[in-house]
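Some notes on the structure that comes next.
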Amino acid sequence: MVAIPQGRAEQWAALAERLRAIGLTSEWVERHESAVGRFPAAFAADWLRVQYAVSEEPAALALRLLARDEPVSRAEALAALGEECFAFAVGSGLIEETARGWRSLLRLFLLDSLYLLGDRPEQTTDTVMGVGTTTALLARASYPGERVGSALDLGCGGGALALLLARAADRVVGADLNVRAIAFARINAMLNGITNVEFRVGDWYAPVEGERFDLVVSQPPFLPLRDDQEKIVYLHGGRRGDEMAHLVVSRMPEYLTANGIGFVLADLVTVPVGVTALVSAEVVDLEVDAAIYCAQAERQRDRRWWEEAHRTVEHLRRCGVKEVRLTLLLVGAGGGEQLTVAGDRWAGMDRAGIDALWVAGAAGDWLEQRARIVAGTTMEGECPLGEKVRLWTLRSGRGSLRAYPQVGDGILDLIRWVTRGETLGASLGGLSAGDREKALGVIDELVRHGVLEMV
C-alpha cells in the first residue's frame, strides 16, 4: 500500500485553497461532465479525457494530476499547484515523478465543494474507497433540512459523509475499523478546514458505546463473499452480501436519540422486518453486478474475469438469492412501511422528499383545518378513443416518492367537495358515521401522496 501522506493542518488547508483559486471545484467538474452528455456513451468518456488533455487551464492540469491518474510534466504540475503546494505535495508523499511524468499516488475526489483523498481502486483489506454514486445518493437522502445536535457516520471510510454532515450538525463522529481509513478521514478534515468532526477507530458501534445521536448514516459493505475468497472488510457483507446491513440496522435503535433517525444504504436480498424501506424499482442484474465488481480485481478483461463473475453469480444462486435491489433503510421513521421508488424519482431522492412521505397525525386530527390541493398537482387520464376515462393518475405538485395514485370520478368528487369547505370537519359534517370514516381514510392517503395539504 502507498504510504499515508504527512502534513500539517495549515499545509493541507493551503492545498485546498490553491485548488479553489485555480477553479478546480465540484461545480467545475460537473459542468464539464454534463457538457459531454450529448455524446453517445461510447465516445463521452474519451472526449472528456481528450478535452482535459488539450486544456492549459490550471484546473484541468490539477485534475489530471490528482484525480485522473494522467501524468503531467513538471511545468504543468507547477502551473497547477504553484511552487509552495507543489513542494508540499512532493514532500508529503502525495505526488511522485515517474518515467511518464508527475502523478499522484492517491486519488482526489470532489463532492459538493469537498476535497477528498482516497486510494486508487485496489481490492486489498486496507484500501480506502473514494466517493461513488451511492455515497452521493446517501448524502442527499440523509442531509437534514434543519440543524441537528449530533451525527454519526458508521463505517465512515475516508470520511465523506461525516464531513458533509459537519455542515448541518454541531458535533459529528466518524467510526471505522480500518486504521488507514481513519487516517485519511483526518487528512480530509484538515484539507477542508473542518474541526467539529471526531474520527475513531473500532468495529462498528464499539467506538460510540453508550452514546446516542440525532442522525446516523451508514453504507455497510454489501458484496457477497464466496467460500474461495479472502474477506475484504470494506467490500464483503456476508455470504449473501446483505448480512452486515441487517446487523447494523438491528443495533441502530440503541444509538438514536428519542427523535433520531438512521439511514442505511445497501444492496439487499431481504428487507429487515419492521424497518421502513425505500426500495429501488430496478432489480440489480446479478451477472452485471458481479462483472462490475470483479472487473476491479481483474485488470485484464479476459476469460478469468468472466469466470470470476460467474462464480459469484453461481454462489448467489446457491445461497437462494433470486434478486437484489438497492435499498435505503430508515430506522426510527415511517412505521415499517416498504415503498418501491421508480427510477426517475430514485435518482433525485433527497431528504425533503423523504420527510414529506410521513405526515404528522391523521385525517381525524385535521377536522379544524382546511383542505386544499397542493399547488401544481395535475391529473392525467388515458383511454381508447371514444370511451370515457375511468381512472385518473394524480401527480403531486411538490413531487412524491410514493407511487402516483389512480382514482376514479368518485374520489375526484370528494376532492372537489372537501376543498370547498371552510374546514375539513364542516365539509364532512353531513355524512353518516361510516361514510365519514371512509372519506377520512381517503383524505389521509391523498395527503400522504402529496395531493392534498391541510392549512
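The values are calculated or read from the model by the stated rules, or taken from the named source; none is laboratory data. Since the model is a prediction, treat every value here as computed from it, not as a measurement. Note: ideal-geometry Cβ built from the backbone for every residue, glycine included; neighbour counts use all protein chains shown.
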**OP:** Could you identify the single residue in GLU368, GLU314, GLU323, GLU307 that is over 23 Å from GLY241 (Cα atoms) and free of Cβ contacts under 8 Å to residues at least 60 places away in the same chain?
**Re:** GLU368
Subject >> Residue list for region 77-89, restricted to those being under 18 Å from MET190 (Cβ atoms) and either surrounded by 13 or more Cβ atoms within 10 Å (Cβ to Cβ) or of a type outside the set (D, E, K, R) (or both) >> reply: LEU81, CYS85, ALA87, PHE88, ALA89
Original post:
Which one of GLU307, GLU254, GLU298, GLU287 is modelled with pLDDT of 90 or more and either under 28 Å from ARG212 (Cβ atoms) or of a type in the set (Asp, Glu) (or both)?
Top reply: GLU254
**OP:** Keeping to region 410-440, report how many residues are surrounded by 13 or more Cβ atoms within 10 Å (Cβ to Cβ) and either in a loop (DSSP other than H, G, I, E, B) or in contact (Cβ under 8 Å) with a residue 12 or more places away in the chain (or both).
**Re:** 15
Subject >> Evaluation of GLU314 against (1) farther than 27 Å from PRO144 by Cα; (2) of a type outside the set (Val, Ile, Thr); (3) part of a loop (DSSP other than H, G, I, E, B) (one fails), failing number >> reply: (3)
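Mind checking which strands (runs of 3 or more DSSP E) fall wholly inside region 214-310 and carry at least 2 residues that are under 23 Å from VAL128 (Cβ atoms) and not small (Gly, Ala, Ser)? Please lay out each step first, then the result.
Working: elements: 236-238, 256-268, 276-284.
Of the strands (runs of 3 or more DSSP E) lying wholly inside region 214-310, those with at least 2 residues that are under 23 Å from VAL128 (Cβ atoms) and not small (Gly, Ala, Ser) span 256-268.
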**OP:** Please find, within region 332-370, the residue that is nearest to THR257 (Cα to Cα) out of those that are under 17 Å from the mean Cα position of the chain (by Cα) and part of a loop (DSSP other than H, G, I, E, B).
**Re:** ASP350
Original post:
Name the residues in region 93-124 that are surrounded by fewer than 20 Cβ atoms within 10 Å (Cβ to Cβ) and either closer than 14 Å to GLY7 by Cβ or of a type in the set (D, E, K, R) (or both), would you?
Top reply: GLY93, GLU96, GLU97, ARG100, ARG103, LEU105, ARG107, ASP112, ARG120, GLU122
**OP:** Among residues belonging to region 164-200 that are among the polar types (S, T, N, Q) and without any contact (Cβ under 8 Å) to a residue 60 or more places away in the chain, point out the one that is surrounded by the fewest Cβ atoms within 10 Å (Cβ to Cβ).
**Re:** THR195
**OP:** Please determine, by comparing only the residues of region 375-393 that are in contact with a helix residue (DSSP H, G or I) (Cβ under 9 Å, 6 or more places away or on another chain) and of a type in the set (A, V, I, L, M, F, W, C), which one is farthest from VAL455 (Cα to Cα).
**Re:** VAL389
